[in-house]
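Working notes for the structure below.
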Amino acid sequence: MKRVYVNEDRCLGCHLCETYCAFANSGETDMVKAFKTGKDAVPRIRIEEGDGINFAVQCRHCADPLCVKGCIAGALSVNNGVIEINHDKCVGCYTCVLSCPYGCIVIDYKNGGRTVTKCELCTRNNAGEPACAANCINRAIVFEERGED
Amino acid sequence: MPVNFFPAEFEVVRNSDRCIKCRACERQCSNEVHIYDADFDKMLSRDNQCVDCQRCVSICPVSALKIVPNENAFRKSANYSQQLMIENYRQAGSGGVLLSSMGNPQDYPVYWDKILINASQVTNPPIDPLREPMETKVFLGKKPAGIKKNPDGSIDTHTEPYLELNMPILFSAMSYGSISKNAHESLARAATELGTYYNTGEGGLHKDFYQYGKNTIVQVASGRFGVFKDYLDTGAAIEIKMGQGAKPGIGGHLPGAKIREDVSKTRMIPMGTDAISPAPHHDIYSIEDLRQLIFSLKEATEYKKPVIVKVAAVHNVAAIASGIARSGADIIAIDGFRGGTGAAPTRIRDNVGIPIELALAAVDQRLRDEGIRNEVSIIAAGSVRSSADAVKAIALGADAVYIGTPALLALGCHLCRSCHSGKCNWGIATQRPDLVKRLNPDVGYQRLVNLVNAWNHEIKEIMGGMGINSIEALRGNRLMLRGIGLSQKELDILGILHAGE
């Protein structure tokens, strides 16, 4: 399965992946409009930085995901290897946030933290391919098949 | 603080209707021009720190930025330009020599732009390079003056060592130290894939790049940084750098700040010390001395590698080239006054040397007149800006051209001419690890390959138009060139006719 990978030797910590992620999941077709009207989504990718090393973190789409196992509301499910979230079912208990070993589940602060959200590899928006990888200015983030599963 | 005598050179224009305050510009500017202000909830700019490198403009996801020249104007004078006034203010403040980088930007004539290329019509049909073979392979080195026979009657097939290039383009000398490791890796990998050569410059060769040795020209300059047996053995050719077009008559100076661990190891000098190349080679004061160095290097490498001698284009370059051809060198590289540099005193860069077009024509003619043109190949350098310039250079007599600035452009350089600050936002002319990272060699090498391949396609197109199907038939073929708007003297030196003649 194709996944998003990050090469920390290349990651510059520019945070543009977060910007493009927020835009891709906003439902808007214009980035300025998305941000100026507050429709920009919470980025599902996050740059961890410090000490000269930066890297982007987003859902690894584990083969045996602890978040899905732990979800008390059945909001998380696996569809063709992609871990998806049903925001209507999410009750905001944050069990998944606690159980994710990578810290990849994001609390949706835009709705006051009522639900969580997460990377769905841009399969459920109009970006086509993951926007973080497509727009990475240093090709640090790549979307590729590495035969890990 | 005393009065600052001059304003910011550039103005950062931010379209706040578009700016989404993502702060990418702030994070990517090594000159710390952009800052987010929480009280205003707005991005602000420190215009006076901007060098117009265009990094922020290039990465802004909403195209909210542009950098424009500051329109603030001193009272106009045709004699004292604003630039000249600012430079004097700067020196009055610092007491130092002005430093600049990259090529001479002054408004001198560009002879390439005053030369036009011929094309075939009716009598000598043009050739379509997509349908017919077109040869751009070049061999650099001594060419035999005639056919020699062995005592048994067979033909003597011995040749002097030579370089074989798939296209008449090589990457100019740019040292590791002046440019980053990632930039070097991009050049090395591109040269290997293209079947041409890159040049280490005077900074030695990083051990990681020994694997690209067969596409590497190793340089021996006056500072002799990083020169030792393995280095010479690794390269495909050895270049003795006598001078550089951007700064004829002076040596190099790499500031200690750029000499970090790896550069220090590669150059074999202590960390943090300035790397100063003397103006002359202290063992070369005559052509005879040069000959000694050439043959020392040949001896050290068992006469298996051609030796290049690189000189800056100066007033008597033709006589110098004649001497070099007689000193045993295989290839002469001539670097014109617009050639790039990682740092040079501004006054030297802007006022010393002569244009490559004139120097090249003079050298080629002189060597032909003396009957020794076959003894050496000529590489023209110092502002070959496009494939058209390369074709004109070859028709003026060059065997191949060095490209430096176009290669850097392929890697992202925007010619802000601030290399000497060491804060290159594109990760090219810097040793700061966070900035070096910005040049991904996987991307950089591919862009270099693309650029040179594109040039090579164009060279074939232009040659085809002239009805010429090999570079060999174009070299020194000055009948294919015509001057436009040039004086008779200039035409005589270039050895070409005026358009219409």
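We did not get these values from a lab; they are worked out from the coordinates using the rules stated. Owing to the predicted nature of the structure, the values given are computational and were not obtained by experimental measurement. Cβ atoms come from the backbone with ideal geometry, glycine included; neighbour counts cover every protein chain shown.
Details
- Of all aspartates and glutamates in the structure, the ones whose alpha carbon falls short of 13 Å from that of B:Lys142, not counting any fewer than 8 places away in one chain, are B:Glu160, B:Glu164, B:Asp330, B:Glu375, B:Asp399.
- Charge dipole (Cα centre; +1 on Lys/Arg Cβ, -1 on Asp/Glu Cβ; no other charges) of the range B:10-96 amounts to roughly 160 debye.
- By the Cβ distance rule (another cysteine Cβ under 4.7 Å), the unpaired cysteines of chain B are B:Cys19, B:Cys22, B:Cys29, B:Cys50, B:Cys60, B:Cys413, B:Cys419, B:Cys424.
- Cα-only Debye scattering, chain B: base-10 log of I(q)/I(0) at q = 0.13 Å⁻¹: -1.31
- Given charges at beta-carbon only (K, R positive; D, E negative), |dipole| of chain A in Debye: 420 debye
- Computed over chain A, relative contact order equals 33 percent, with contacts defined as Cα pairs under 8 Å that lie 6+ residues apart.
- Exposure proxy order (Cβ contacts within 10 Å, fewest to most) of B:Asp233, B:Asp350, B:Asp399, A:Asp9: A:Asp9, B:Asp233, B:Asp350, B:Asp399
- FRET E, pair B:Tyr36, B:Tyr89, Förster distance 30 Å, beta-carbon r, rounded to 0.05: 0.40
- Within the range B:313-337: backbone nitrogen closer than 17 Å to the B:Glu370 label point (7 Å, Cα to C-beta): B:313-335
- B:Gln106 versus A:His87: modelled label distance in nm, points set 7 Å from Cα along the beta carbon direction: 6.3 nm
- Whole-Hz ³J(HN,Hα) from phi, Karplus 6.51 cos²θ - 1.76 cosθ + 1.60, for the range A:46-53, glycine and proline x: 9, 7, 9, 9, x, 6, x, 10
- Farthest positive-ward along the protein assembly as shown dipole, Cα basis, beta-carbon charges - from B:Pro126, B:His281, B:Val110: B:Val110
- Cross-linked pairs B:Lys137/B:Lys392; B:Lys137/B:Lys258; B:Lys207/B:Lys298: Cα-Cα separations exceed 26 Å for B:Lys137/B:Lys258.
- Inter-part distance, the range A:18-40 to the range B:355-408, computed on C-alpha centroids, equals 53 Å.
- Per-residue [θ]222 nm for the protein assembly as shown (sum of -39500 (n - 2.57) over DSSP H runs n ≥ 4, rounded to 500): -7500 deg cm²/dmol
- Beta-bridge orientation, the protein assembly as shown: approximately 55 percent antiparallel, per DSSP, counting only bridges with both partners inside.
- Label zone at A:Asp9 (point 7 Å along Cα-to-Cβ), backbone N below 17 Å, the range A:47-67: A:52-56
- Karplus-based coupling profile of the range B:212-227, in residue order and whole Hz: 9, x, 6, 10, 10, 9, 9, 9, 10, 10, 5, x, 6, 5, x, 8, with θ = phi - 60° in 6.51 cos²θ - 1.76 cosθ + 1.60 and x standing for Gly or Pro.
- Of all DSSP bridge pairs formed entirely within chain B, close to 40 percent run antiparallel.
- The distance separating the Cα centre of the range B:444-477 from that of the range A:118-149 comes to 38 Å.
- Sorted by Cβ neighbour density within 10 Å, fewest at the top, the residues B:Phe6, B:Phe171: B:Phe6, B:Phe171
- The relative contact order of the range B:1-139 comes to 23 percent, based on Cα pairs under 8 Å that sit 6 or more residues apart.
- Computed lengthening from B:Ile117 to B:Gln488, 0.36 nm per intervening residue step minus Cα-Cα distance: 131.7 nm
- Using distinct alpha-carbon pairs, which all enter the 1/r mean, Kirkwood radius of the protein assembly as shown in Å: 27.8 Å
- Its Cα centre serving as origin, the range B:164-222 has a Cβ charge dipole (Lys and Arg +1, Asp and Glu -1) of approximately 100 debye.
- The value of relative contact order for the range A:61-118, using C-alpha pairs under 8 Å at least six residues apart, is 30 percent.
- Top positive-direction residue, dipole computed over the protein assembly as shown with Cβ charges, set B:Asn456, B:Cys19, A:Gly81: B:Cys19
- Ranking A:Gly103, A:Thr115, A:Val68 by Cα position along the charge dipole of the range A:61-118, where only Lys, Arg, Asp and Glu carry charges on their C-beta atoms, puts A:Thr115 farthest toward the positive end.
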